[in-house]
Amino acid sequence: MLIDDSFDVCFASPLERSKRTAEIIWDNREEEVITDMDLREIDLYSFQGLLKHEGKAKFGETFRQWQVDPANFNIDGHYPVRELWDRARNCWDKILEHEGRSVLVVAHNAVNQALVSTAIGLGTEYFRVLLQSNCGVSVLDFTPRIEGGSPFVCLDRLNQTPNSPVGGSSGGRKTSKRIILVCHGFTQNNAEASNPLSGDKSMNMLGVIQSQKIAELLLDTKVSSIISSPKKACVETANAISRVQEAADSLGADSAPRYVEMKQTENLDVENILQKSNKDTSVIPPFQLGWLSGFEDTVLSEVWEQSEEAWRYLLKELSSDDEADRVVVVVGDPSINIALMVHCLNLSKEWMGSFHLDSGSISIVDFPDGPAGKGVIRCINYTAHLGRWSIPITRTIENDEALKM
């Protein structure tokens, strides 16, 4: 998955499974892998080495706190998650001081959660919210600010795995309720998919291929409903997914035809709002910036209000009582999908510039405790299904100042 990507330096946990993974990716480069004790896995003290049923039997209420409130979990006089967040912050100080501009960091599930969260400014309450799977790749862009100070940080993608993110083998808690956010394929005036405002245009040939790849990725998931923006590219992408879903029986995915409910909602179309901006949307923004960075506060506020209505609508759709398992596919452009993820994370509109999405990507939100519970982000900006038509994970950073992790 990283074969076409290049790195200047590699940091790794000293634990053997992480070191070996780093060595395989790093291959035969002359530079040595830099090991750092702060990248080791979370320390659970007396819990270490216990199976779940053993921890429950031995520690009772303390084990329950680890399950339901890990941010405040205390054992042997320690707060493991808080200590983990402190270690992650220390790691960033060392990593960002290094001269390398494209940095590979190989560590573990919990510490990678902490690294992603601390980089974009999320606290310990987000432990177990941003999923990290075995061999999952997450990418962060650090861009210096003109006025100096801390760099602008954008989460380019989260947890891109070699295996399909819609399967049951990629980790995380079991769930019967899921929202899959789909970004429509490339459009006629958007061949590079770098401008979030593509107009109400049909997809070009590349977009058609991307939409088919999305449909194939979702083939093994029984989609309950597809909700799209009324924009042409969104409707075309939704129709491609629907056709493959309803033909699943003849494709051998299951034995019965699937009926997929199709809906459109104006709440998923924010392009008219963004076009009010003074920002020159014909100029491709640097890839390392989120789609919504640089828009005026009044414009972002209007997008935020409309996306809040859309998010409530989607949660209501997910709460339908007609089936226990419910998967809702949402097709929009990167701007609205980013806003929806920010609502899911219970953040404010100022965070909308901290995430990046590409055309043809999917992002998955699970609700293991139901739609009224906390959403768990399984992946953001997943593009591995696009194969040769996807954008390399690290992309070239020649002639710009971004530092990629």
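Readers should treat all values here as calculations from the given coordinates under stated rules, not as data from a laboratory. Treat the numbers as computed from the prediction; the structure is a model and nothing was measured. In this analysis, Cβ positions are derived from the backbone assuming ideal geometry, glycine residues included, and neighbour counts consider all displayed protein chains.
Structural remarks
- Considering only beta bridges that DSSP places wholly inside the chain, some 45 percent are antiparallel.
- Mean separation of Cα contacts under 8 Å, 6 or more apart, over the residue count of the chain: relative contact order %: 20 percent
- Of the peptides 94-101, 27-34, 260-267, the order by per-residue mean of other Cβ atoms within 10 Å, starting with the highest, comes out as 260-267, 94-101, 27-34.
- Comparing mean-square fluctuations of Ala233, Ala339, Ala372 from a GNM of the chain with C-alpha springs under 10 Å, the top value falls on Ala372.
- Using the Karplus relation 6.51 cos²θ - 1.76 cosθ + 1.60 with θ = phi - 60°, the per-residue 3J(HN,Hα) values for the range 150-159 come to 4, x, 6, 10, 10, 7, 6, 7, 10, 6 Hz, with x marking Gly and Pro.
- Ranked by the mean number of other Cβ atoms within 10 Å of their residues, highest first, the peptides 73-84, 111-122 fall in the order 111-122, 73-84.
- Among the listed pairs Lys213/Lys349; Lys174/Lys316; Lys19/Lys56; Lys201/Lys349; Lys19/Lys404; Lys201/Lys263, those with a Cα-Cα distance over 25 Å are Lys213/Lys349; Lys19/Lys56; Lys201/Lys349.
- Correct choice for P(r) over Cα pairs in 20 Å bins from 0, in percent that was computed from the model, options (1) 21, 47, 30, 2; (2) 26, 58, 16, 0; (3) 26, 61, 13, 0: (2)
- Cα lying deepest toward the dipole's positive end in the chain, options Pro151, Asn72, Val260, charges on Cβ: Val260
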